Amino acid sequence: MTEPARAPATELEVRIARMIAHTGPIGVDVFMAQALYNQEAGYYRTQKPLGSTGDFTTAPEISQIFGELIGLWLAQSWLDLACPTPFNLIELGPGRGSLIADVVRVCTKVPGFLEAADVQLVETNPYLRASQRRALGSITAHWHETLEEVPSGPSLILANEFFDCLPIRQFILGETGWHEKLVGLDGAGRLTFGLGPALVHPPTCAHPDDTIGVVREMAPGLEGMMDSIARRLLIHSGRALIMDYGDPNTASGDTLQALYRHHNINPLDHVGEADITAHVDFAALLNLAQKFGLTTSGPTSQREFLCSLGIEARRDALIRANPHCESELSLSVERLIGEAHMGQLFQVVSLDSPLNPCPGPPLGS
Ligand code: SAH
């Protein structure tokens, strides 16, 4: 079988190739960090990723009902926390701002909520920051490069399709032991995948019953991210809602995926022009959250979560009010909760501060 033709090398690929020629092959995490976050040419610094003209579509972009239900979750959480005033309404990676705009719209109905909320958006992409500003209209918001920059205080945190951007390392169990998957150069000087030498010790993500050929992944930045959330929630009350795609348990397998204009491509093509993601390891995420002292709920499938928040009733009410939109509304809700669509592949977890006054679990868990 012949390999599909490679896309011409981008300038960022040429720069990464030069780096590899000097220093030797690099981990998949180093490659991903360059491809996504290189200051001048990284995907999340330079591109407009979302929507029909971009590379992928997310839940809040599919239907406003998603943001409305998340707004309901936030409003109930704010009440559960005894209405802290002021509080940080934080979104990590808000994309085009659709989710936060829908949340704000629906939360105008909750007395006191918006007056108390300081909208804090953590976003690296200048184009997306501009979209977020437009989506929010007259609502004041503050932008940050990292969560650490957000002022301390009670916080409600949202992250939809944010953790899948965290760079991952990949390991493969071969006949002679564990090897790290690396990015090196082929004979033509193009980027190619290869294996590093056998490791002296198995990687920390290895399982005792792993068999030859198994691939294991770990995101080195996950611990730092969870630490940052936990440090905030250990000082003040608060809650975080994390939604992403991944297995509820730690699964094995290669989940590295590159999307370019809504097509899956070789992650080593269109470097800096394609979105590169990996499944979130929810078991690892929850273990870290608990280790850092947070109470966790989930994972719950997106289907279960949205259904328990009443997505079907909301769809039916919208259809009654707009009968001509029936097929569009039914289709978009099916994309959000259908088993064959996002319903099963996406998982939802929430994290609670030990300082929260409410004894019960968050809505939807
Ligand atoms: N939450 C949005 C967009 C998801 S795409 C939605 O559901 O529509 C990922 C988002 O995270 C983009 O806005 C991207 O620019 C941002 N992002 C990715 N990595 C980031 C990082 N390390 N720090 C801050 N923002 C990041």
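The values are calculated or read from the model by the stated rules, or taken from the named source; none is laboratory data. In this text the structure is predicted, and so the values were computed from the model without any measurement. Because the Cβ atoms are built from the backbone with ideal geometry, glycine has one as well, and the counts that use them run over all protein chains shown. All accessible areas refer to the heavy atoms of the entire protein, side chains included, with ligands and DNA or RNA removed. Shrake-Rupley method; radii C 1.70, N 1.55, O 1.52, S 1.80 Å.
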Pull out all pairs, ordered by first then second residue, where Cβ-Cβ is under 7 Å, the residues are six or more apart or on different chains, the first lies in region 136-163 and is at positive phi, and the second is more than 11 Å from the ligand (Cβ to nearest atom) and open to solvent by less than 20 Å² (accessible area, probe 1.4 Å).
G153/F87; G153/N88
Of I229, I235, the only residue that is of a type in the set (A, V, I, L, M, F, W, C), within 16 Å of the ligand (Cβ to nearest atom) and farther than 26 Å from F56 by Cα is I229
Can you list residue pairs whose Cβ atoms sit under 6 Å apart, with the first residue in region 342-365 being touching a residue at least 24 places away in the same chain (Cβ under 8 Å) and the second being part of a strand (DSSP E or B) and open to solvent by 70 Å² or more (accessible area, probe 1.4 Å)? Count only pairs 6 or more apart in sequence or on different chains.
D352/T295
E175 vs (1) more than 27 Å from S353 (Cα to Cα); (2) modelled with pLDDT under 95; (3) surrounded by 16 or more Cβ atoms within 10 Å (Cβ to Cβ); (4) of a type outside the set (G, A, S): all pass except (3)
Any residue in region 179-203 that's among the hydroxyl-bearing types (S, T, Y): show its pairings with residues that are not in a strand (DSSP E or B) at Cβ separation under 6 Å, as long as the two are six or more apart or on different chains.
T192/D186
Looking at region 60-70, can you tell me whether even one residue there is open to solvent by 20 Å² or more (accessible area, probe 1.4 Å), of a type in the set (A, V, I, L, M, F, W, C), assigned to a helix (DSSP H, G or I) and farther than 20 Å from L351 by Cβ?
yes
Give me the helices (runs of 4 or more DSSP H) completely within region 98-167, filtered to those with at least 3 residues that are more than 20 Å from P362 (Cβ to Cβ) and open to solvent by 60 Å² or more (accessible area, probe 1.4 Å), ordered by residue number.
126-136
Sole residue being within 16 Å of the ligand (Cβ to nearest atom) and of a type in the set (A, V, I, L, M), chosen from A198, A159, A188
A159
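Here's the yes/no breakdown for (1) open to solvent by less than 10 Å² (accessible area, probe 1.4 Å); (2) within 13 Å of the ligand (Cβ to nearest atom):
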{"site": "T10", "(1), (2)": "no, no"}
{"site": "E13", "(1), (2)": "yes, no"}
{"site": "R18", "(1), (2)": "no, no"}
{"site": "T23", "(1), (2)": "no, no"}
{"site": "V30", "(1), (2)": "no, no"}
{"site": "L36", "(1), (2)": "yes, yes"}
{"site": "Q39", "(1), (2)": "no, yes"}
{"site": "Y44", "(1), (2)": "no, yes"}
{"site": "Q47", "(1), (2)": "no, yes"}
Among the residues of region 5-53, what is the count of those that are under 16 Å from T192 (Cα atoms) and either in a loop (DSSP other than H, G, I, E, B) or among the small types (G, A, S) (or both)?
12
Does region 237-255 contain any residue that is surrounded by fewer than 20 Cβ atoms within 10 Å (Cβ to Cβ), among the aliphatic types (A, V, I, L, M) and modelled with pLDDT of 95 or more?
no
Is region 72-81 home to any residue that is polar (S, T, N, Q) and either away from the ligand (no atom under 14 Å from the Cβ) or part of a loop (DSSP other than H, G, I, E, B) (or both)?
yes
Would you point out which residue out of D186, D164, D210 is acidic (D, E), out of contact with any Lys or Arg (no Cβ under 6 Å at 6 or more places or on another chain) and farther than 22 Å from M32 by Cβ?
D210
Quick one: which residue in P299, P220, P267, P323 is open to solvent by 40 Å² or more (accessible area, probe 1.4 Å) and in contact with a strand residue (DSSP E or B) (Cβ under 6 Å, 6 or more places away or on another chain)?
P299
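Specify the residue that is modelled with the highest pLDDT; the eligible residues are those in region 63-119 that are polar (S, T, N, Q) and under 18 Å from R134 (Cβ atoms).
Here the residue is S98.
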